[in-house]
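Have a look at the structure below before the remarks.
The values are calculated or read from the model by the stated rules, or taken from the named source; none is laboratory data. What you see is a predicted model; the values in this text were computed from it and never measured. Backbone-built Cβ (ideal geometry, glycine too); neighbour counts: all protein chains shown. When the accessible area is computed, the model is the full protein with side chains, heavy atoms only, and any ligands, DNA or RNA have been set aside. Shrake-Rupley method; radii C 1.70, N 1.55, O 1.52, S 1.80 Å.
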Amino acid sequence: MADTERIGAELGGFRERVAELRAARALPTGDRAATLDSALMELEYVAGVLWPRLERLEAAHRSRSGPGPDGGRERQLLKTVFQRLPAAVVVTDAEGVVRRLNHAATRLLGLRAGYATGRPLSASFRHDARAVLRSHLAAVARGEGDRSLVAHLHQAGRTGVTLTAVRPSGERRSAVLCVLSATRAAVPAPRRPGPERRPDPPGDAARHTALLDLLDDLTTALLRGPGHGDGPVLARAAAVLAGRFADWVIADVTPPGGPARRALVLPPPGEESAAAAVAAQDPGRAPLIGEAAGTAACVLRVRPEDPGALGETGAGAPLLALVEGTSVLCVPLPAPAGSGGVLGVLTLVRAGDREPFALAEAAVMDRASRHLALALTAEEDGRHPAV
């Protein structure tokens with residue numbers, strides 16, 4: 001009982017200090033660096049002192065008569081403290097797979113806890129930072145000491161990452177406690193130039209309306225005849241989607257009996273050099289595009305772990321890393337009934353901190369792909385798409 005009372009008193013003091021740190025962070029003149037250092041010190045105190053004491057106390061209770069009510073309450077209190085910490089904290093296994101994260105971490109990563117759990121933490125970082133992060137995570141899990149680094153989060157820009165090893169109760173391998181501290185609030189991270197996007201109205205009904213508007217505008221563009229001077233079918237469709245729906249629009253066509261070829265690339269403004277490398281790529285060497293063409297079904301990837309999912313450029317650079325893609329939607333264009341195969345694949349990529357594609361958006365594009373395929377077939381036959 002004395003041990004329980006002592007831990008309860010220490011946890012009470014810890015909660016008070018966390019409340020003071022939260023208040024200090026809100027002050028406009030506060031020293032954020034000092035506040036973060038203090039928060040990290042408190043986390044180390046919990047991970048290195050309080051948590052082992054609580055585990056020993058629970059083990060003693062189990063050896064006598066099973067887990068007692070006092071130990072259960074203290075454990076629940078510790079979980080509550082973890083969730084309400086002002087710092088973003090993630091617990092991963094030795095391979096970097098997320099096991100637990102608190103509310104601040106879900107906001108920083110832009111992910112729901114249920115979605116993030118069971119996925120690699122590195123998937124939330126830019127491709128050029130993933131290998132470094134995985135190496136540091138593995139070193140900490142091996143017991144080589146704490147590590148600190150700065151990496152680029154898709155959602156929050158440059159982010160400080162502090163790693164320390166913890167040993168969960170009853171487990172033989174160490175886990176890794178990761179503390180994330182974004183720096184974009186102090187120094188805004190550069191954003192890719194691009195068209196101003198409409199703010200997403202809240203609510204499922206509003207999002208559904210926005211998707212119907214997109215489908216209507218796309219269909220209208222496809223029904224325009226060649227005499228309107230808007231270019232061929234693919235160019236008209238890409239012009240509707242570019243910026244508004246995706247940062248990158250890439251179209252590949254498959255001639256009868258021939259290999260797929262790249263027909264169109266629409267990049268964000270200022271990405272002309274990267275667009276030239278994308279245009280020169282052989283689409284037959286892009287796994288996701290090949291999967292969409294082979295299965296004749298949409299392929300959706302959110303924060304893909306493999307940087308080679310869209311193949312490589314002629315210089316050997318992963319295309320997904322080149323365009324900073326965080327969400328990819330490959331939409332096959334079905335060939336006329338009875339002929340089999342596809343006319344091509346439309347690849348849409350969202351980059352940076354933009355919200356990833358949703359299943360509802362993939363379903364709308366699947367419907368739009370049939371309209372686009374009919375317009376392409378009519379164009380090849382020399383007829384107006386509406387005929």
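So that you can scan it fast, the table gives a plain yes or no per residue for (1) of a type outside the set (A, V, I, L, M); (2) in a loop (DSSP other than H, G, I, E, B); (3) more than 18 Å from Val89 (Cα to Cα):
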{"position": "Gly118", "(1), (2), (3)": "yes, yes, no"}
{"position": "Asp128", "(1), (2), (3)": "yes, no, yes"}
{"position": "Arg134", "(1), (2), (3)": "yes, no, no"}
{"position": "Arg158", "(1), (2), (3)": "yes, no, no"}
{"position": "Thr162", "(1), (2), (3)": "yes, no, no"}
{"position": "Pro168", "(1), (2), (3)": "yes, yes, no"}
{"position": "Glu171", "(1), (2), (3)": "yes, yes, yes"}
{"position": "Leu177", "(1), (2), (3)": "no, no, no"}
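Okay, residues lined up against (1) under 24 Å from the mean Cα position of the chain (by Cα); (2) open to solvent by less than 40 Å² (accessible area, probe 1.4 Å); (3) more than 25 Å from Asp128 (Cα to Cα):
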{"residue": "Ala237", "(1), (2), (3)": "no, yes, yes"}
{"residue": "Pro255", "(1), (2), (3)": "no, no, yes"}
{"residue": "Ala263", "(1), (2), (3)": "no, no, yes"}
{"residue": "Asp306", "(1), (2), (3)": "yes, no, no"}
{"residue": "Leu320", "(1), (2), (3)": "yes, yes, no"}
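Of the candidates Ser122, Ser135, Ser63, the single residue that is open to solvent by 20 Å² or more (accessible area, probe 1.4 Å), of a type in the set (Ser, Thr, Tyr) and modelled with pLDDT of 70 or more is Ser135.
Among the residues of segment 66-81, not one is exposed (fewer than 12 other Cβ atoms within 10 Å of the Cβ), modelled with pLDDT of 70 or more and over 33 Å from the mean Cα position of the chain (by Cα).
Going by the conditions given, is Ala246 surrounded by fewer than 21 Cβ atoms within 10 Å (Cβ to Cβ) and either at pLDDT 90 or above or not basic (Lys, Arg) (or both)? In short, no.
Taking each residue of segment 304-331 that is farther than 19 Å from Glu355 by Cα and looking for partners that are basic (Lys, Arg) and surrounded by fewer than 24 Cβ atoms within 10 Å (Cβ to Cβ) with beta-carbon atoms closer than 6 Å, six or more apart or interchain, yields Gly311/Arg285.
Only one of Val278, Val302 is under 23 Å from the mean Cα position of the chain (by Cα) and open to solvent by less than 20 Å² (accessible area, probe 1.4 Å); which? Exactly one residue qualifies, and that residue is Val278.
Take Gly8 and decide whether it is in contact with a His (Cβ under 9 Å, 6 or more places away or on another chain), at pLDDT below 75 and open to solvent by less than 30 Å² (accessible area, probe 1.4 Å). Spelling it out, it is not the case that Gly8 is in contact with a His (Cβ under 9 Å, 6 or more places away or on another chain), at pLDDT below 75 and open to solvent by less than 30 Å² (accessible area, probe 1.4 Å).
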